[in-house]
Amino acid sequence: MGITVQWVKTSWTKESRGGEAAALRNAAPAGFPLPGTLAEFGHFVHMSEDDGFLPHESGKARREIDVSLKEEGGRLRVLPRVHPLYGLPPRRRRPPAVRLEPGQWVRWQLNYRFSSAMGIRGWSYWLNTFNIAYGPVDREVFLSEPTFLIDESGPVR
């Protein structure tokens, strides 16, 4: 059964925590149309404060995407790995893995915050959005409503 993976990574600094820059960041899409072929690769989209949150698309080997995917009993078990642990804002206990049936998809969001070791540079932030579908899909699958939406975002202060 086919597995389609899209990783959308958004990164910013304190400069985009309010005002127009935050509005621009918050308007960034959580899903994109898929490229023509992916085969054994995931679709990676990076957006950054540096260039106004313009999307930059590429392919990534699935082993480079921090999501555990395991087919078992006709379903796909999906659980993003949390990496790096020191970047996690406080949050409740992690939700369990999602088990997708053919034709279903999940959008799973995790955020991170970092500071420099000496506090010289300010805080920086990431939002990882993993869109994962099980079974045949069309190119615009991740523009629709997901079967499951897991938001593991914690406060970033």
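The values are calculated or read from the model by the stated rules, or taken from the named source; none is laboratory data. What you are looking at is a predicted structure, and each value in this text was computed from that prediction instead of being measured. No Cβ is skipped: glycine too gets one built from the backbone with ideal geometry, and neighbour counts run over all protein chains shown.
Just the residues that are touching a Phe, Trp or Tyr at 6+ places or on another chain (Cβ under 8 Å), part of a loop (DSSP other than H, G, I, E, B) and modelled with pLDDT of 80 or more, please, taken from the stretch 67-117.
Selection gives Glu101, Pro102, Gly103, Gln104.
Among the residues of the stretch 3-58, how many are touching a Pro at 6+ places or on another chain (Cβ under 8 Å) and not in a loop (DSSP other than H, G, I, E, B)?
Within the stretch 3-58, residues that are touching a Pro at 6+ places or on another chain (Cβ under 8 Å) and not in a loop (DSSP other than H, G, I, E, B) number 6.
Within the stretch 1-19, track down each residue that is of a type outside the set (A, V, I, L, M, F, W, C) and at pLDDT below 85. If you could, list the steps in order and put the result at the bottom.
Just the residues of the stretch 1-19 that are of a type outside the set (A, V, I, L, M, F, W, C), to begin with: 2, 4, 6, 9-11, 13-19.
Within the stretch 1-19, Lys14, Glu15, Ser16, Arg17, Gly18, Gly19 qualify.
If you check every pair at least six apart or on different chains, which have Cβ atoms under 8 Å apart with a residue in the stretch 121-150 that is more than 15 Å from Pro29 (Cβ to Cβ) and without any contact (Cβ under 8 Å) to a residue 24 or more places away in the chain first and a residue that is of a type in the set (Gly, Ala, Ser) and not in a strand (DSSP E or B) second?
Arg121/Ser115
Going by what's in this entry, would Leu34 be described as in contact with a Ser or Thr (Cβ under 9 Å, 6 or more places away or on another chain), in contact (Cβ under 8 Å) with a residue 60 or more places away in the chain and on the phi < 0 side of the Ramachandran plot?
Numbers: in contact with a Ser or Thr (Cβ under 9 Å, 6 or more places away or on another chain): yes; in contact (Cβ under 8 Å) with a residue 60 or more places away in the chain: yes; on the phi < 0 side of the Ramachandran plot: yes.
The answer is yes for Leu34.
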